[in-house]
Amino acid sequence: MTESRKIDPSFLRGATMRRMSRRDLFRYAGVGAGALSLSSILAACGTGGETTPPVTGADAPGSTEWWAARNAEGPGPNVNFTNWPQYIDRSNKTIPTLDAFTDATELEVTYRTDISDNALFYAQIRPALEAGQETGHDIIVITSGKELYEMLDLGYLLPLDPDLHPNFDANADPSVVNTSYDPGNAHTLAWQSGFTGIAYNTNYIDRPITSMEDLKDPAFAGKIGMMGNDDAATLALLAVGATPETSTPEEWQQAADWLNEQKDSGVVRKYFVQDYLTAFENEDVWITLAWSGDILIDRLYFGRTEFEFVIPDEGGVLWTDNMCIPQGATNPVGAMMLMDWYFQPDIAAALTEYNNYVSPVPAARDLVEAHAAAATGAEAELLNAVATSPFVFPTPEIGEKVHSYRVLSVDEEQQWNDLFVPIWQG
Amino acid sequence: MERPVRSDLAGVEPPEGRRGGGVGKRLAPYGLLAPAGVWQALFFIVPMFAMFTLSLSTGSSRTGYNFDWAFANYPEVIDRYGQFFLRSFRNASIVTVLGLALAYPAAYWIAFHGGRRKSTFLLLLLLPFFVSFVIRTLSWSFILSDEGFVLGTLKDIGVLPDAFQILNTTPAVIGGITYNLLPFTTLPLFVALDRIDKRLVEAASDLYASRREAFRKVVFPLSLPGVFAGGLLTFIPAMGDYVNADVLGGPGTHMIGNQIQQEFLLQRNYERASALAFILMLMMVVGAIVYARVLGTEDITT
């Protein structure tokens with residue numbers, strides 16, 4: 001039998017039936033292509049850079065005259081406050097510090113937690129800012145990193161009225177006054193600060209973690225979490241002995257090499273952003289780059305005493321999240337009232353007691369201690385732990401170990417991204 | 001006002017003044033096409049054009065873009081990110097085959113043995129997909145967690161070694177995409193199988209075909225249009241997916257969709273993102289046309 005390999009005719013008949021014809025297939029292809037073009041709609045917005053020259057003179061938003069006119073109008077009835085998740089005090093689904101604000105000022109606050117990543121959030125509001133439209137936010141909270149610097153650079157943030165923050169003037173910590181990135185607090189007031197360091201789970205890791213090199217330990221292979229953002233790049237710079245703020249492109253290369261070596265050894269489970277915390281809580285990750293307050297909340301409020309947070313010997317990052325008003329905000333006066341509200345010591349204390357980040361109001365410490373003394377049992381223990389935590393009220397030793405992010409120019413940013421971003425991609 | 005376009009067929013004289021309405025008759029199809037045409041122009045052609053011009057521009061989001069026929073953007077992104085195209089292609093191919101293998105038996109059983117409860121079974125199959133895509137994907141990250149109730153239990157009874165992990169690996173990403181696209185794989189298959197005249201199977205057995213032969217020579221060939229449609233409907237979204245790689249992936253699972261998302265939303269290199277998106281789209285359209293040519297026409301019957 002010499003049957004050549006012919007195609008079974010019944011197979012072909014089925015394959016070529018008209019029931020679901022070529023036209024259908026084209027149609028499906030069209031549907032698929034149509035879905036893809038969503039991304040092209042994104043492309044259609046926000047491509048012009050600085051196309052609208054900023055208004056100058058007395059009409060310029062944020063000028064003295066402009067603020068005088070706004071103050072004469074008074075605040076709007078509602079403030080849209082957009083923040084990061086788990087970053088404000090909560091009590092039975094209410095937010096006591098905001099309720100107190102509403103009671104005191106009769107202004108309503110719409111509080112949203114839309115920000116889980118600086119870059120992502122900035123990319124969302126940027127087209128509106130560029131087009132000179134309102135973003136829907138009166139207050140946003142942005143970390144002292146490259147997105148904030150770019151927004152300041154491009155004039156996307158409303159200059160603040162210096163007369164509308166008396167509490168800030170009276171109570172703010174010197175470290176958040178007149179910052180390097182925003183001289184004279186012309187555009188930003190601190191919300192909270194925090195540290196980026198290493199968190200580890202003592203149920204799985206029984207030796208003390210002290211160094212960035214511990215993040216390369218093959219014993220923890222597959223259980224090591226890294227962040228895929230500037231925190232990782234900055235800590236890698238520290239790991240290779242550079243000073244992040246003044247680092248050179250050669251040092252960036254060394255830091256990138258350090259990170260690549262870690263990646264190539266196969267120990268990293270994933271490059272996380274905000275989602276590192278879930279993986280750490282699920283114990284998929286035993287040791288990870290982490291933000292101080294997240295781990296402290298787990299320790300103090302959720303009984304995860306096996307979690308430890310350390311600043312590695314090489315150093316850590318101290319960042320500040322800043323409240324700012326995007327251009328085009330509809331209620332700037334109300335926004336300023338709310339921003340300044342959080343610089344009252346009792347309000348600042350209530351906030352820090354809950355979110356366990358560093359308060360920009362040093363006077364809050366005495367109040368937390370007083371609350372601890374007045375409380376009993378578990379609550380007293382908890383408040384004492386907050387009051388004595390070096391990551392909530394930093395000690396001078398910790399202050400010496402921490403650094404800020406590198407400020408990057410346009411060209412440098414491209415170079416920086418091309419070095420570091422491919423590490424967490426791919 | 002009613003307008004009897006085909007009134008001549010009904011044997012009714014067009015009313016006076018409509019007699020010279022040949023123009024209207026000729027224009028009617030365009031009028032009827034206009035809404036869809038405008039829709040297509042607004043939401044497909046215009047954005048496509050914007051994306052294409054952007055992909056040939058230079059500059060940065062911070063300083064603005066200049067359109068200057070920068071074709072160099074294309075080789076640059078292919079050089080940089082070609083590997084992600086290949087990875088997406090590989091993943092999407094595996095997803096398509098896996099999806100068809102999983103969906104075929106289910107669709108077959110419902111179509112041939114579902115009886116009066118066919119629609120109930122179909123609904124049961126689709127029910128999980130009433131939950132949001134992202135939530136379903138996130139749930140998998142809990143289910144597949146190293147110490148979660150599945151892997152944790154298997155490790156406790158010694159079936160799996162302690163170091164075993166699925167989450168944040170390539171199999172997790174492929175599994176996630178397969179799962180999420182299962183309805184797109186199943187439904188065309190079901191439609192094709194359900195339309196098969198069941199008497200053909202009886203006829204086959206009358207002609208002494210075994211059940212296996214009847215399936216191989218009758219049912220399967222007749223279901224091929226469904227296989228092709230289901231495959232295409234699975235492959236295209238799988239190729240562009242980025243949520244699964246983001247949630248269930250780890251180092252080395254980044255797909256082209258992730259790259260486009262990152263370029264657009266994180267790094268804001270709009271020109272690179274546009275070039276990538278355009279290449280991806282072109283690949284899909286060309287691929288779909290070739291696919292349809294090869295598998296979906298009568299021209300190749302010899």
Practice task
Could you check, for the stretch A:284-294, whether at least one of its residues is touching a Pro at 6+ places or on another chain (Cβ under 8 Å) and closer than 25 Å to A:Leu383 by Cα?
Solution key: no
* Take B:Val173 and decide whether it is hydrophobic (A, V, I, L, M, F, W, C) and in contact with an Asp or Glu (Cβ under 9 Å, 6 or more places away or on another chain). => yes
Looking at the structure I just gave you, is B:Thr153 exposed (fewer than 13 other Cβ atoms within 10 Å of the Cβ) and part of a helix (DSSP H, G or I)? yes
Cβ pairs under 8 Å, 6+ apart or interchain, first in the stretch B:82-98 and within 12 Å of chain A (Cβ to nearest Cβ), second among the small types (Gly, Ala, Ser), ordered by first then second residue, are B:Gln83/A:Gly426; B:Phe84/A:Gly426; B:Ala92/B:Ala238
Item to check | Residue check, A:Gln254 more than 25 Å from B:Gln165 (Cβ to Cβ), without any contact (Cβ under 8 Å) to a residue 60 or more places away in the chain and part of a helix (DSSP H, G or I) | outcome: yes
Taking the stretch A:106-120 and the residues there that are surrounded by 18 or more Cβ atoms within 10 Å (Cβ to Cβ) and out of contact with any Asp or Glu (no Cβ under 8 Å at 6 or more places or on another chain), the one that is nearest to the other protein chains (Cβ to nearest Cβ) would be A:Asp117
Being surrounded by fewer than 22 Cβ atoms within 10 Å (Cβ to Cβ) and not in a loop (DSSP other than H, G, I, E, B) narrows A:Ala170, A:Ala199, A:Ala232 down to just A:Ala170
Of the residues in the stretch A:397-425, those that are surrounded by 15 or more Cβ atoms within 10 Å (Cβ to Cβ), in contact with a strand residue (DSSP E or B) (Cβ under 9 Å, 6 or more places away or on another chain) and within 11 Å of chain B (Cβ to nearest Cβ) come to A:Glu413, A:Gln414, A:Ile423, A:Trp424, A:Gln425
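Okay, residues lined up against (1) in a helix (DSSP H, G or I); (2) in contact with a Phe, Trp or Tyr (Cβ under 6 Å, 6 or more places away or on another chain); (3) at pLDDT 95 or above; (4) not aromatic (Phe, Trp, Tyr):
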position	(1), (2), (3), (4)
A:Thr288	no, yes, yes, yes
A:Gly293	yes, yes, no, yes
A:Leu300	yes, no, no, yes
A:Thr305	no, no, no, yes
A:Asp313	no, no, yes, yes
A:Gly328	no, no, no, yes
A:Gly334	yes, no, yes, yes
A:Met339	yes, no, yes, yes
Note to self: Against the definition (in contact with a strand residue (DSSP E or B) (Cβ under 8 Å, 6 or more places away or on another chain) and closer than 30 Å to A:Gly62 by Cα), how does A:Pro394 come out, yes or no?
What the structure shows: no
Note on the stretch B:271-285: residues surrounded by fewer than 19 Cβ atoms within 10 Å (Cβ to Cβ) and touching a Gly at 6+ places or on another chain (Cβ under 9 Å) are B:Val285
query = If you go through the stretch A:207-220 one residue at a time, do you hit one that is among the basic types (Lys, Arg), touching a residue at least 40 places away in the same chain (Cβ under 8 Å) and in contact with a strand residue (DSSP E or B) (Cβ under 7 Å, 6 or more places away or on another chain)?
reply = no
Item to complete: Report whether or not B:Leu182 is within 14 Å of another protein chain (Cβ to nearest Cβ) and either touching a helix residue (DSSP H, G or I) at 6+ places or on another chain (Cβ under 7 Å) or buried (at least 21 other Cβ atoms within 10 Å of the Cβ) (or both).
Response: no
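Let's see how each residue does on (1) of a type in the set (Lys, Arg); (2) at negative phi; (3) more than 7 Å from chain A (Cβ to nearest Cβ); (4) surrounded by 21 or more Cβ atoms within 10 Å (Cβ to Cβ):
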site	(1), (2), (3), (4)
B:Leu193	no, yes, yes, yes
B:Tyr208	no, no, yes, no
B:Ala214	no, yes, yes, no
B:Leu265	no, yes, no, no
B:Gly287	no, yes, yes, no
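The values are calculated or read from the model by the stated rules, or taken from the named source; none is laboratory data. Since this is a predicted model, take the numbers as computed values, not measurements. So basically every Cβ, Gly included, is an ideal-geometry build from the backbone, and we count neighbours across all protein chains shown.
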